[in-house]
1. With the structure loaded, tell me whether TYR45 is more than 38 Å from the chain's Cα centre (by Cα), among the aromatic types (Phe, Trp, Tyr) and surrounded by 15 or more Cβ atoms within 10 Å (Cβ to Cβ) or whether it fails that test.
2. Checking ASN82 against (1) surrounded by fewer than 17 Cβ atoms within 10 Å (Cβ to Cβ); (2) within 30 Å of ARG27 (Cα to Cα); (3) not charged (D, E, K, R), which single condition isn't satisfied?
3. Return the residues of the stretch 44-94 that are aromatic (Phe, Trp, Tyr) and at positive phi; say none if nothing qualifies.
4. Select from the stretch 160-171 the residues that are surrounded by 10 or more Cβ atoms within 10 Å (Cβ to Cβ) and either of a type outside the set (Lys, Arg) or more than 30 Å from ILE66 (Cα to Cα) (or both) and list them in ascending order.
5. In the stretch 131-144, what residues are buried (at least 16 other Cβ atoms within 10 Å of the Cβ) and either polar (S, T, N, Q) or within 12 Å of ILE118 (Cα to Cα) (or both)?
6. In the stretch 58-73, which residue that is open to solvent by less than 90 Å² (accessible area, probe 1.4 Å) and among the charged types (D, E, K, R) is nearest to ILE90 (Cα to Cα)?
7. Take ALA95 and tell me if it is open to solvent by less than 30 Å² (accessible area, probe 1.4 Å) and farther than 22 Å from LYS20 by Cβ.
8. Do you know which residues across the stretch 63-86 are hydroxyl-bearing (Ser, Thr, Tyr) and within 14 Å of VAL126 (Cβ to Cβ)?
Amino acid sequence: MEYLIILAVLILSFLASGLKIDREYQRGIIYRLGRVRRLRGPGLYWIFPWIEQKVQVDLRLRTVNIEPQETVTADSVTIRVNAVLYYRMIDPVKAINSVESYRDAVYQIALTTLRNVIGQNLLDDVLQNRDRINFNVQQIVDEVTEPWGIVIERVEMKDVEIPLSMQRAMAKEAEAVREKRARRIKAEAELEASEKLTAASRMISESPAALELRRLQMLAEIGTENNTTTVLMLPSDFPILANRLAESLGQLSAPSASTDHTAKE
């Protein structure tokens with residue numbers, strides 16, 4: 001009887017040792033005598049103990065932090081660039097059997113590809129066209145990792161460190177560009193103002209009443225802003241009459257001067 005109990009315990013232990021559980025994001029690669037048999041999971045399943053072995057893999061999105069690396073751009077500027085890469089395993093059997101350590105392999109290929117792509121671009125492109133560089137790195141790395149059963153979801157450059165001397169030169173260039181833009185805008189504004197003033201002068205010369213309306217508007221503005229200011233307004237007819245009077249006096253003085261000159265002769 002004791003032997004039967006021991007035998008039952010051994011059988012139950014043998015059966016229990018073959019029970020495996022994988023979470024929703026996990027899978028189990030089953031090897032039977034060293035050969036791949038199938039992919040199991042998620043959930044509860046049973047494998048033949050001692051004859052079958054399980055290698056558990058994780059299907060969740062993984063992140064690889066590419067440490068800062070010094071690289072030279074196409075215009076011979078040394079910069080330090082770091083990035084982050086996101087990848088996901090789509091074929092666990094290939095990922096385990098095709099490469100010894102897919103994590104290290106993905107990191108190394110991403111690191112070298114990032115340096116190569118940056119070396120083919122100018123510094124301005126690296127600073128202004130990051131999306132294009134990220135996309136190129138993603139495509140190249142994805143082509144390499146596709147036979148491993150790994151897909152690259154995204155590549156993003158986090159930071160670009162440039163030399164201090166280059167930063168000062170770029171600051172001077174940006175300042176010069178802004179100053180040029182400000183001068184151009186100011187010149188355009190002065191040109192537009194001169195055109196408007198020329199058009200206004202034509203309208204006022206054609207319609208003297210417009211000048212009177214403008215004077216009244218100026219009076220209203222002065223009264224609103226400076227209430228202590230005293231303004232004496234003269235009708236616009238007074239300057240016109242004064243001009244006409246001056247012209248008449250000039251015409252009268254001209255004949256008299258010619259008469260006196262003739263008398264002296």
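The values are calculated or read from the model by the stated rules, or taken from the named source; none is laboratory data. Computed from a predicted model, the values in this text were never measured in an experiment. Cβ: placed from backbone, ideal geometry, glycine included. Neighbour counts: every protein chain shown. In case anyone asks, the SASA skips ligands and DNA or RNA and just uses the protein heavy atoms, side chains included. Shrake-Rupley method; radii C 1.70, N 1.55, O 1.52, S 1.80 Å.
1. Values: more than 38 Å from the chain's Cα centre (by Cα): yes; among the aromatic types (Phe, Trp, Tyr): yes; surrounded by 15 or more Cβ atoms within 10 Å (Cβ to Cβ): yes.
In short, yes.
2. Only one criterion in (1) surrounded by fewer than 17 Cβ atoms within 10 Å (Cβ to Cβ); (2) within 30 Å of ARG27 (Cα to Cα); (3) not charged (D, E, K, R) is unmet by ASN82, namely (2).
3. Taking the stretch 44-94 as the starting set, the residues that turn out to be aromatic (Phe, Trp, Tyr) are 45-46, 48, 50, 86-87.
Hit for the stretch 44-94 is TRP50, nothing else.
4. Taking the stretch 160-171 as the starting set, the residues that turn out to be surrounded by 10 or more Cβ atoms within 10 Å (Cβ to Cβ) are 160-163, 166-171.
Within the stretch 160-171, VAL160, GLU161, ILE162, PRO163, MET166, GLN167, ALA169, MET170, ALA171 qualify.
5. Listed by number, the residues that qualify are ILE133, ASN134, ASN136, VAL137, GLN138.
6. If we take residues in the stretch 58-73 being open to solvent by less than 90 Å² (accessible area, probe 1.4 Å) and among the charged types (D, E, K, R), then ASP58 is nearest to ILE90 (Cα to Cα).
7. Numbers: open to solvent by less than 30 Å² (accessible area, probe 1.4 Å): yes; farther than 22 Å from LYS20 by Cβ: no.
No: the conditions fail for ALA95.
8. Our first condition is that a residue be hydroxyl-bearing (Ser, Thr, Tyr); within the stretch 63-86, this holds for 63, 71, 73, 76, 78, 86.
THR71, THR73, SER76, THR78, listed by residue number.
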